[in-house]
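Inspection log for the structure reproduced underneath, given as structure tokens.
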Amino acid sequence: MRISALLSRGEAPGELVEAELDEPRPDEVIVRIEAVGLCHTDLVTRKRLGENPAVLGHEGCGTVEVLGSAVKGLTVGDRVVISFASCGGCVQCRAGLPGYCSWATALNGSGRRLDSSPTIRVGGKPVFGTFFGQSSFATAALTDARSCVPVKDIPPEVAAPLGCGFLTGAGAVLNVLRPRYGDRLLVIGAGSVGTVAALIALSEGVEVVVVDPVAARRAFAARCGATAVASLDEPLPPVSHALDTTGRPETITRALTLLRPRAELALVGLGPAQVALDVRSLMMRGLRIRGCVEGDAEPSVLIPELVERYRHGRLPLDRLVTTYALADFDRAVADQRAGLTLKPVLLPGP
């Protein structure tokens with residue numbers, strides 16, 4: 001199938017090109033992309049790949065256009081959110097924790113299928129594709145049917161980030177930290193992941209403190225009911241739970257000093273591999289540090305729940321989203337870095 005795709009080559013401007021999408025295998029589908037979120041992981045991967053041509057994008061939403069011969073539970077015309085890829089058969093997948101799938105790295109970050117076959121060609125040559133099992137910076141994406149979660153009664157531009165960023169923030173609160181009414185949650189970094197975490201916690205009656213250097217992000221958090229500050233160095237009350245979305249060693253070590261005894265810190269941001277920790281303090285205060293991938297979520301369970309919260313006015317995700325044409329990818333990146341938007345969402349168009 002011929003499609004239009006955004007081709008990345010390192011830090012060079014994105015280029016819209018004509019590409020050839022592979023035909024679906026029995027367990028795969030082709031989704032006509034209506035909207036796709038821009039995530040920090042896309043930019044990190046673009047930098048990592050350097051000059052190697054790639055089609056990225058991993059928060060796609062659209063309608064099913066072609067079904068593989070063995071696909072069940074989906075029909076042509078269904079609107080779906082495409083989430084991350086997982087095998088469905090390993091111990092973690094069977095336990096409902098596909099974010100820790102034994103094949104996660106190969107399925108989501110190798111640029112090819114597990115058998116090393118490519119899914120996207122440009123000018124007849126294979127390029128890095130099937131990113132997070134989809135590569136949805138394009139007018140259509142080839143993906144495993146397992147990654148598709150049907151959604152209804154929600155705009156595609158709001159639904160798309162539920163595949164990764166919104167899922168991660170919500171799941172970190174609901175599945176990992178699980179604060180209760182009256183608890184106090186510290187959220188470090190008020191991008192889309194941190195903001196959704198704050199919104200979920202606030203809707204559960206949890207007091208939320210948000211830390212972010214960008215004034216516009218702090219202002220949004222404050223309007224939603226959070227206490228917002230610029231720096232962890234400001235006077236802050238002790239907290240029962242904390243979420244770090246930055247991956248910065250200095251914020252992780254500072255957050256630990258703000259935890260009450262037997263409190264917990266969840267980490268969802270990738271940064272340097274090593275952080276200096278005061279092991280004596282961790283032990284004597286009974287603190288817990290918990291890594292969290294994709295919100296410890298089973299997308300087919302959590303995404304419908306978040307859609308229901310949105311439909312009933314409990315989770316105003318639309319207030320986070322700013323839309324851009326796919327051709328305006330670089331402007332969307334610049335606006336996100338400048339703090340002008342919380343969640344850029346690209347619209348590929350017809």
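It is to be established whether one or more residues within the range 279-287 are touching a residue at least 60 places away in the same chain (Cβ under 8 Å), surrounded by 13 or more Cβ atoms within 10 Å (Cβ to Cβ) and over 17 Å from the mean Cα position of the chain (by Cα).
Taking every residue of the range 279-287 in turn, none turns out to be touching a residue at least 60 places away in the same chain (Cβ under 8 Å), surrounded by 13 or more Cβ atoms within 10 Å (Cβ to Cβ) and over 17 Å from the mean Cα position of the chain (by Cα).
Evaluate the range 259-277: report whether one residue or more is outside any strand (DSSP E or B), open to solvent by 20 Å² or more (accessible area, probe 1.4 Å) and free of Cβ contacts under 8 Å to residues at least 24 places away in the same chain.
Checked against the condition, which is being outside any strand (DSSP E or B), open to solvent by 20 Å² or more (accessible area, probe 1.4 Å) and free of Cβ contacts under 8 Å to residues at least 24 places away in the same chain, the range 259-277 yields at least one hit.
Go through the range 232-245 and count every residue that is of a type outside the set (D, E, K, R), open to solvent by less than 40 Å² (accessible area, probe 1.4 Å) and either over 12 Å from D183 (Cβ atoms) or touching a His at 6+ places or on another chain (Cβ under 7 Å) (or both).
4
Across the range 180-215, which residue is most open to solvent (accessible area, probe 1.4 Å) among those that are in contact (Cβ under 8 Å) with a residue 60 or more places away in the chain and either assigned to a strand (DSSP E or B) or over 20 Å from T251 (Cα atoms) (or both)?
S203
Are any residues in the range 323-346 of a type in the set (V, I, T), out of contact with any Gly (no Cβ under 8 Å at 6 or more places or on another chain), open to solvent by less than 50 Å² (accessible area, probe 1.4 Å) and not in a loop (DSSP other than H, G, I, E, B), and if so, which ones?
Initially, the range 323-346 is screened for residues of a type in the set (V, I, T), giving 323, 333, 341, 345.
Adding the requirement that they be out of contact with any Gly (no Cβ under 8 Å at 6 or more places or on another chain) leaves 323, 333, 341.
Next, from what is left, pick out any that are open to solvent by less than 50 Å² (accessible area, probe 1.4 Å): 333, 341.
Selection gives V333 alone.
If we keep just the residues of the range 73-96 that are in contact (Cβ under 8 Å) with a residue 12 or more places away in the chain and either open to solvent by 70 Å² or more (accessible area, probe 1.4 Å) or aromatic (F, W, Y) (or both), which is nearest to G129 (Cα to Cα)?
For the range 73-96, the residue satisfying everything is F84.
In the range 1-50, how many residues are aliphatic (A, V, I, L, M), open to solvent by less than 70 Å² (accessible area, probe 1.4 Å), out of contact with any Ser or Thr (no Cβ under 9 Å at 6 or more places or on another chain) and not in a loop (DSSP other than H, G, I, E, B)?
Residues flagged as aliphatic (A, V, I, L, M), open to solvent by less than 70 Å² (accessible area, probe 1.4 Å), out of contact with any Ser or Thr (no Cβ under 9 Å at 6 or more places or on another chain) and not in a loop (DSSP other than H, G, I, E, B) within the range 1-50 amount to 3.
Out of curiosity, is A297 open to solvent by 80 Å² or more (accessible area, probe 1.4 Å) and out of contact with any strand residue (DSSP E or B) (no Cβ under 6 Å at 6 or more places or on another chain)?
Numbers: open to solvent by 80 Å² or more (accessible area, probe 1.4 Å): no; out of contact with any strand residue (DSSP E or B) (no Cβ under 6 Å at 6 or more places or on another chain): yes.
For A297, the condition - open to solvent by 80 Å² or more (accessible area, probe 1.4 Å) and out of contact with any strand residue (DSSP E or B) (no Cβ under 6 Å at 6 or more places or on another chain) - is not met.
Can you confirm whether T143 is under 27 Å from S231 (Cβ atoms) and touching an Asp or Glu at 6+ places or on another chain (Cβ under 7 Å)? Explain how you work it out, then say what you get.
Details: under 27 Å from S231 (Cβ atoms): no; touching an Asp or Glu at 6+ places or on another chain (Cβ under 7 Å): yes.
No, not satisfied.
The values are calculated or read from the model by the stated rules, or taken from the named source; none is laboratory data. Predicted, not measured: the structure shown is a model, and the values here were computed from it. Neighbour counts are summed over all protein chains in view; Cβ atoms, including those assigned to glycine, are modelled from backbone coordinates with ideal geometry. Quick note on the areas: whole protein, heavy atoms, side chains included, nothing else; ligands and nucleic acids left out. Shrake-Rupley method; radii C 1.70, N 1.55, O 1.52, S 1.80 Å.
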